[in-house]
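Every number here is computed from the coordinates shown, using simple stated rules; none is lab data. Keep in mind it's a predicted model, so treat the numbers as computed, not measured. Counting neighbours? That spans all protein chains shown, and the Cβs are built from the backbone with ideal geometry, glycine included.
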Amino acid sequence: MLNDFISQVGPSTVGGLASGAIYALIALGYTMVYGVLRLINFAHSEIFMIGSFAALFVINLMGITGPLSGIALVGTMLLLLLASMAASGGAAVVLERVAYRPLRRRGASRLAALISAIGASIFLQELFALVIIPEVFDRPSQGRNQVPVPRLFDRETVFSIGNTDIRNDHLFIIVAAVVMMVLLDVFVNRTRIGRGIRATSQDPETAVLMGVNIDSIIRTTFLVGGAMAGVAALLYAMEFENLRFNVGFLLGVKAFTAAVLGGIGNLRGALLGGLMLGLIENWGSIFFGSEWKDVIAFSVLVLVLLFRPTGILGESLQRARA
Amino acid sequence: MLLEIKDIHVHYGKIEALKGVSLEVDEGEIVTLIGANGAGKTTTLKTISGLRGLSSGSVFFDGKDISRLPGHKRVLVGIGQSPEGRGVFPGMTVTENLLMGAYARRGDFSKDLAEVFELFPRLAERKDQAGGTMSGGEQQMVAIGRALMSKPKVLLLDEPSMGLAPMLVAQIFSIIKEINARGTTVLLVEQNAQQALQLAHRAYVLETGRVVKSAPAADLLDDPQVREAYLGGALGQH
Ligand SMILES: Nc1ncnc2c1ncn2[C@@H]1O[C@H](COP(=O)(O)OP(=O)(O)O)[C@@H](O)[C@H]1O
Ligand SMILES: [Mg+2]
């Protein structure tokens, strides 16, 4: 058993960090929206799903069927990134406009907003299963089956640490996620709009007195959180090479777990929670077998909530810098 | 008139918090609005700054009807507010809090920051401390300094003395006087009627959503009814 662990711990750490980076990117959307609205955007998992299909749509449009390399690969990746970020970010903005803002205007309770979110989530899943996947992705009557994504580049070992080979796809995921996180951190902590977002999450009424347009801050928050899910969507499609109408569901729940683990409302907590969840899942799988992965993930959530209800870094964008 | 409120009615659901309040503030004045807890003082300020909508009546500022102007645009026309309970952003540093006051403006704020730090030297010493960890008096300074960062024509202050030790209250009130002397009009809401009346030029007394008295502040200090209700009864020197 211990020998197993020692021989597998390296690779499973790399794999864990890669999955964790994807959880973390999705977790950002939950955490940002929670920060400004104190609302769990249940449909965020479908925002992710939309981004993943947007990436596949562009891949098909470009007629890509096999691995690329060189400048073609770089250009394609940038284009796909743009497409999935735009699709997810745009969908999140529309979602806010259609499913949340009307309720907010009428002073509805957060519970009503949560139900609206669940409704939007089911609507989007079924829209893809019944209409978009059969029509746009040309899989009549198989809208609920998996849709394959072609391999975008050949997987190779870039370097090795001890007996652990570091593959280019894992490296790419981790680097891309970290770069996006740093950009987001700078945006929230160093720009004027970022200060507006933090002010809104700490005290919305006083923020209005400062001249902050809350509606526009909320829209921006959905846009940015959605775009981060779009990045995750491209990375996921590239790594796992299979999409489904409900591809967001389990990932969404895990990302939400990551957000709670790190401290919901806390951006750096989302990163920490995501990476920790990925690592715990993968390390745990060595002992219990990978079929226990999801059980491990949610046991962790329950345990954390039991002992630290506010998560590891505590609640809220408030303390993003303090 | 810089600020003119005409017969405003404001509701929370079915509860009518303001039942036809009218008041005026002229440029350069300190006007105080006193009244017991629940009289509607905070609601009046929130209506002026656009946090609450009104059911009827109107708010004029600088000659324009701003009754329907969204709250976040009112700071631009020149209304700055230090809200009840201070509303300091707890996770932002003192400097960040002050910069939030200038959120709606563009340009370089270093001169304005320096001015606030000159008015409140204590804040300069604490400029990198998180707002949430400051004492009550310091938070009140942040709230007033932050409102000044918007370069307001009128400064609305909601119970700046609340929860402060007498020495600090005296300090805050003398700074309010200084701010007014430098040219900012002040509308001061207080339960601490004695000191508010000593500071202000004119005063309004609010009772359960209605203005029941308005007079020069000095007159109200000698008014037996006001003494009875808000100044602890017995005649004495002030
Ligand atoms: N958010 C609210 N919801 C319902 N009623 C409120 C709310 N805020 C204030 N009120 C009511 O409006 C009246 C005036 O309150 P307020 O303006 O806060 O008074 P003051 O500032 O003079 O203490 C009170 O009767 C109070 O109970
Ligand atoms: Mg009050």
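What number does the stretch B:64-169 give for Rg over Rh if you use C-alpha atoms and the Kirkwood radius? Kindly include the intermediate steps, with their values, before the conclusion.
Numbers: Rg = 13.7 Å, Rh = 14.1 Å.
The Rg/Rh ratio comes out at 0.97.
Got the relative contact order for chain A handy, in percent, Cα pairs under 8 Å and 6 or more residues apart? Could the numbers behind the result be given before it?
Values: 529 pairs, mean separation 116.3, N = 322.
Dividing the mean separation by the residue count of chain A yields 36 percent.
7 Å from Cα along Cα→Cβ at both A:Ala72 and B:His201: what's the point-to-point distance in nm?
Simple spin-label model gives 7.9 nm for this pair.
Say the dipole of chain B comes from +1 at the beta carbon of Lys and Arg and -1 at that of Asp and Glu; which of B:Pro83, B:Leu199, B:Ile179 then lies farthest toward its positive end?
Most positive-ward Cα: B:Pro83.
Using the 10 angstrom Cβ neighbour count as an exposure proxy, how do A:Thr206, B:Thr185, A:Thr65 rank, fewest first? Walk me through the numbers before you get to the answer.
Values: A:Thr206 24, B:Thr185 21, A:Thr65 9.
So the residues, fewest neighbours to most, are A:Thr65, B:Thr185, A:Thr206.
Write out the trypsin sites (Lys or Arg not before Pro) in the stretch B:166-227 meeting two conditions: DSSP loop, and at most 11 other Cβ atoms within 10 Å of their Cβ.
Details: sites: B:Lys177, B:Arg182, B:Arg202, B:Arg210, B:Lys213, B:Arg227; in loops: B:Arg182.
Within the stretch B:166-227, the qualifying trypsin sites (Lys or Arg not before Pro) (loop, at most 11 other Cβ atoms within 10 Å) are B:Arg182.
Contour minus end-to-end for B:Arg106 and B:Ser22, with contour as 0.36 nm per residue of separation and end-to-end as the Cα-Cα distance?
Details: separation 84, 0.36 × 84 = 30.24 nm, distance 3.42 nm.
Contour length minus Cα-Cα distance gives 26.8 nm.
Would you mind computing, in nm to one decimal, how far apart the modelled labels at B:Lys73 and A:Thr65 are, each placed 7 Å from Cα along Cα→Cβ?
5.8
Where the only charges are on Cβ atoms (+1 Lys, Arg; -1 Asp, Glu), what is the dipole of the protein assembly as shown about its Cα centre, to the nearest 20 debye? Before the final figure, lay out the partial values.
Numbers: 50 positive and 47 negative charges, 115 e Å.
So the dipole magnitude of the protein assembly as shown works out to roughly 540 debye.
Between B:Met1 and B:Thr208, take the C-beta separation as r, use R0 = 25 Å, and let me know the FRET efficiency to the nearest 0.05. Walk me through the intermediate numbers first.
Numbers: r = 26 Å, r/R0 = 1.03.
Plugging the Cβ-Cβ distance into 1/(1 + (r/R0)^6) gives 0.45.
Can you sort B:Lys127, B:Lys46, B:Lys111 so the residue with the fewest Cβ neighbours within 10 Å comes first? Can you show the working numbers first?
Numbers: B:Lys127 14, B:Lys46 24, B:Lys111 8.
The most exposed by this proxy come first: B:Lys111, B:Lys127, B:Lys46.
For A:Val182 and A:Arg219, FRET efficiency with R0 = 25 Å and r from the beta-carbon atoms, rounded to 0.05?
Values: r = 24 Å, r/R0 = 0.94.
Here the calculated transfer efficiency is 0.60.
Rounded to a whole number of µm²/s, how large is the Stokes-Einstein D of the protein assembly as shown at 20 °C and 1.002 mPa s, given Rh as the Kirkwood radius over C-alpha pairs?
Rounded to a whole number, D works out at 81 µm²/s.
A 24 angstrom limit on the alpha carbon distance is what I want to check against. Which of B:Lys19/B:Lys213; B:Lys14/B:Lys46; B:Lys46/B:Lys213; B:Lys14/B:Lys73; B:Lys46/B:Lys151; B:Lys41/B:Lys213 exceed it? The partial results should precede the final answer.
On the way: B:Lys19/B:Lys213 15 Å; B:Lys14/B:Lys46 18 Å; B:Lys46/B:Lys213 21 Å; B:Lys14/B:Lys73 27 Å; B:Lys46/B:Lys151 19 Å; B:Lys41/B:Lys213 14 Å.
Result: B:Lys14/B:Lys73 exceed 24 Å.
Considering only A:Asn266, A:Asn41, A:Asn213, give the residue with the highest GNM mean-square fluctuation for chain A, with springs between Cα atoms whenever their separation is below 10 Å.
Greatest mean-square fluctuation among the candidates belongs to A:Asn213.
Need one number: nm distance between label points at A:Arg155 and A:Phe287, each 7 Å from Cα along Cα→Cβ, rounded to one decimal.
2.6
With +1 assigned to the C-beta of every Lys and Arg and -1 to the C-beta of every Asp and Glu, and no other charges, what is the dipole magnitude of chain B about the Cα centre in debye, to the nearest 20? Present the calculation step by step, with values, prior to reporting the outcome.
On the way: 26 positive and 27 negative charges, 143 e Å.
So the dipole magnitude of chain B works out to roughly 680 debye.
Taking +1 at the Cβ of each Lys and Arg and -1 at the Cβ of each Asp and Glu, which of A:Gly274, A:Ser52, A:Ile264 sits farthest along the dipole of chain A towards its positive end, judged by Cα position relative to the Cα centre?
A:Ile264
Just A:Leu243, A:Leu79, A:Leu17 to compare: in a GNM of chain A, with alpha carbon springs under 10 Å, which one fluctuates most?
In this elastic network of chain A, the residue with the biggest mean-square fluctuation among A:Leu243, A:Leu79, A:Leu17 is A:Leu79.
To the nearest 20 Debye, how big is the dipole of the stretch A:29-247 about its Cα centre, given +1 on the beta carbon of each Lys and Arg and -1 on that of each Asp and Glu? Don't skip to the end; give the middle numbers.
On the way: 18 positive and 15 negative charges, 170 e Å.
The dipole of the stretch A:29-247 has a size of about 820 debye.
Of A:Leu130, A:Val149, A:Ile166, whose Cα points farthest to the positive end of the dipole of the stretch A:54-207 (charges on the beta-carbon: +1 Lys, Arg; -1 Asp, Glu; origin at the Cα centre)?
A:Leu130
Applying 1/(1 + (r/R0)^6) with R0 = 51 Å to the Cβ-Cβ distance of B:Met167 and A:Ile312, what FRET efficiency is obtained, to the nearest 0.05?
Values: r = 42 Å, r/R0 = 0.82.
Rounded to the nearest 0.05, the efficiency is 0.75.
Between B:Leu168, B:Leu187, B:Leu98, which gets the highest mean-square fluctuation from a Gaussian network model of chain B, Cα cutoff 10 Å?
B:Leu168
Tell me which DSSP H helices of chain A clear both cut-offs, 24 Å or more of axial length from alpha-carbon atoms and a mean Kyte-Doolittle hydropathy of at least 1.0.
On the way: long enough: A:2-37 (48 Å, 1.08); A:44-61 (26 Å, 1.50); A:70-95 (37 Å, 2.09); A:110-127 (25 Å, 1.40); A:168-190 (32 Å, 1.60); A:214-240 (38 Å, 1.31); A:267-288 (31 Å, 1.18).
What comes out of the filter, once short or polar helices are dropped, is A:2-37, A:44-61, A:70-95, A:110-127, A:168-190, A:214-240, A:267-288.
Considering every residue in B:92-101, what mean count of other chain Cβ atoms within 10 Å of its Cβ is obtained?
Working: counts 9, 2, 0, 0, 5, 4, 0, 3, 13, 3.
Shielding by partners across B:92-101 averages 4.
Stick to Cα atoms and the Kirkwood definition of Rh, then tell me Rg/Rh for chain B.
Working: Rg = 17.4 Å, Rh = 18.1 Å.
That ratio equals 0.96.
Using 0.36 nm times the number of residues separating A:Ser141 and A:Asn163, minus their current alpha carbon distance, what extension gain do you get?
Numbers: separation 22, 0.36 × 22 = 7.92 nm, distance 4.61 nm.
Net length gain for the segment: 3.3 nm.
Could you put B:His72, B:His9 in order, starting from the residue whose Cβ has the fewest other Cβ atoms within 10 Å?
Numbers: B:His72 24, B:His9 16.
Taking fewest neighbouring Cβ atoms as first place, the list is B:His9, B:His72.
If only Cα atoms are counted, what is the Rg of the stretch A:29-247, and what is its Dmax, in Å?
Considering the stretch A:29-247 through its Cα atoms, Rg and Dmax are 19.1, 60 Å.
Counting only C-alpha contacts under 8 Å and six or more residues apart, can you give the relative contact order of chain B as a whole percent?
On the way: 455 pairs, mean separation 63.5, N = 238.
The normalised contact order for chain B reaches 27 percent.
With 10 Å bins from zero, work out the P(r) of the stretch A:208-254 over every alpha carbon pair and list the percent per bin.
The calculated distribution, bin by bin, is 22, 38, 21, 14, 5.
Could you work out the helix-only [θ] at 222 nm for the protein assembly as shown, with each DSSP H run of four or more residues adding -39,500 (n - 2.57) and the total divided by the number of residues, to the nearest 500 deg cm²/dmol? Before the final figure, lay out each step's value.
Working: 23 runs with 313 residues, N = 560.
That calculation yields -18000 deg cm²/dmol at 222 nm.
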